[in-house]
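Data block below; observations after.
Coordinate-derived values only; no laboratory data. None of these values were measured; they are calculated from a predicted model. Cβ coordinates were reconstructed from backbone atoms using ideal geometry, including for glycine residues, and neighbour counts include every protein chain displayed.
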Amino acid sequence: MTAKVAGGAATPSSDAAARTEWRADAAADVIAGLFRAYSVDLVRLAVLLVGDQASAEDVVQDVFARLQRNPGRLNVLDKPVPYLRTAVVNGCRSVHRSRHRARLLRVPHEPPVWSAEAAALAGEDRRAVLAAVARLSGRQREVLVLRYYGGLADQEIAAALQLSRGTVSSTASRALGALARELREEL
Amino acid sequence: VSRIEDRLRDAFGAAAETVRPESVAGLLDPPPVTRRRRAAALAAAAVAVVIVGASVITPLALTGGHGTPSRPAGPAAPSPSAPASHASAGPITVPLTIGMTSAQAMAELVGAGLNVAVQMQASAAAPAGTVIAQTPVGGMRVPYGAAIMLTIAAGPGPTPTPAATR
């Protein structure tokens, strides 16, 4: 019914022709409005990808801080939602990369919300499912989260992750197969 | 639809709901540039509305546009601030937001229990950042969580008249 998230790959840069300067107060207002409307959803998306709310909020704040530093980016955002979604997914990848480095140094981070330790999520079955998702590859996890939490069509997932549509669907089916095996379930 | 897909939807939804809307911090101050005070005031206002309106916040522009928005209060984790009256959300009258700044407009719509979709459009006539079009129009009756498309003036424009504060 609405085109709010339909299609439209995120194009955060380039397109210099469309670039004009925003007045600082107008840009700040738009950015505050976008944060007002989308921050909770984006933090929830990020939590599923990085596991804990503190890291998720950092990712989302970073995305908006970059917008604040470069409000000219607003000019190429005729569809801000796909841009914000892609930026959050990319931010979550950075979290995983820095955690990988930190693991080598044995620096602990917050337990994921689906760990028994965090005690944030009721239901042993849900925790098992999410723990299994966390063991998948980064791309598999992203595809599953965007499809089964975000409710996005494969075409939209492809745009968000800069993959081909075929890669999205093959990634999803491999991921579902791996989960079914791990959770001992028929597909 | 396989059972594993159902289990994924359920688990993702439940994990997402561990993020309570009222627990998400407001927008931090921008890195030092200009108009810090104004941005801080906007962020503070946004936080205030989040707290006041926590019971009616409807996520999710991230759902593909065909799902119903997830309500803040699930059966497993009822929001302490959710009034029972919202359990049976009747039709909502769409507020008129044309001419408002985008932050005001989004606060108004989200506060009314609606979803917001945004598109930017260059406009020579309207002040940048103000709402120049809205679909459905103000006054329409729509279901809880319906998506309202706002068109926001992009780029430089005439200086806005000082916006009425809420």
| task | Could you grab me the full set of residues in segment A:130-156 that are within 22 Å of A:VAL95 (Cβ to Cβ), at the interface with another protein chain (Cβ under 10 Å from one of its Cβ atoms) and either among the charged types (D, E, K, R) or assigned to a helix (DSSP H, G or I) (or both)? | result | A:LEU130, A:ALA131, A:ALA132, A:VAL133, A:LEU144, A:VAL145, A:LEU146, A:ARG147, A:TYR148
| message | Among (1) at the interface with another protein chain (Cβ under 8 Å from one of its Cβ atoms); (2) loosely packed, with under 13 Cβ neighbours inside 10 Å; (3) among the hydrophobic types (A, V, I, L, M, F, W, C), there is one condition A:ALA116 misses while meeting the rest; what is its number? | response | (1)
| query | Does segment A:85-94 contain at least one residue that is within 9 Å of chain B (Cβ to nearest Cβ) and surrounded by fewer than 24 Cβ atoms within 10 Å (Cβ to Cβ)? | reply | no
